[in-house]
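Data block below; observations after.
Read-outs throughout are calculated quantities, based only on the coordinates presented, and are distinct from any laboratory measurement. Source: prediction; values computed, not measured. All Cβ positions, glycine included, derive from the backbone under ideal geometry; neighbour counts span all protein chains shown.
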Amino acid sequence: MRKIRQRQRQEYEMKTVVVELEKEYAELCHRAEAVGSDTEPASAQIDEMGEQDHWTLYS
C-alpha cells in the first residue's frame, strides 16, 4: 500500500514537472517568434568547451 502511494506521488510530481516544462517551452517559442529570424542560431552560442552558455540562452 505504501509503495503504491509513493509511486502515485512520484507520477503526480512528474506530471507537474512536465506541465511546467511545457509552459516554459511555449514561452521560449513565443519569445523566439517575437524576436524573428534575426537571432543567431543556438550553435553559434556554444563556447569552446562545447557547452551552451545558460545566460545567453535565457537572456
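Structure values in brief
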quantity: Two-site label geometry, Ile4 and Glu22: point separation in nm, points 7 Å out along Cα→Cβ; calculated: 2.7 nm
quantity: Environment charge of Lys3, counting only residues whose C-beta is closer than 13 Å and scoring Lys/Arg +1, Asp/Glu -1; calculated: +3
quantity: Glu13/Glu33 FRET efficiency (R0 25 Å; Cβ-Cβ; nearest 0.05); calculated: 0.20
